[in-house]
């Protein structure tokens, strides 16, 4: 699984940081030569920035070629 997290550090201040989104990508085909993946994208609601929350609840990607 690969996880990508987007974090804001206001003014470069780690102590004030907050996550705004995350994407999780999973290989569903046990590392076959042609793989199937699912991706889930979650965006946190942030009223201060006027951003709505989003949850894609797993988007399938079928038949992605080998990486080798």
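Coordinate-derived values only; no laboratory data. All values derive from a computational prediction rather than experimental measurement. Glycine also receives a Cβ, built like all others from the backbone with ideal geometry; neighbour counts cover every protein chain displayed.
Residues in the range 35-50 near a label at residue 5, defined as backbone nitrogen under 15 Å from the 7 Å Cα→Cβ point?
Counting backbone N atoms under 15 Å from the label point, the list is 42-44.
Between residue 20 and residue 32, what is the label-to-label distance in nm when each label sits 7 Å out along the Cα-to-Cβ direction?
The answer from the label model is 3.8 nm.
In Å, the Kirkwood hydrodynamic radius of the range 2-64 over pairs of distinct alpha carbons? Please report the intermediate quantities before stating the final value.
Numbers: mean 1/r = 0.0746 Å⁻¹.
Kirkwood hydrodynamic radius for the range 2-64: 13.4 Å.
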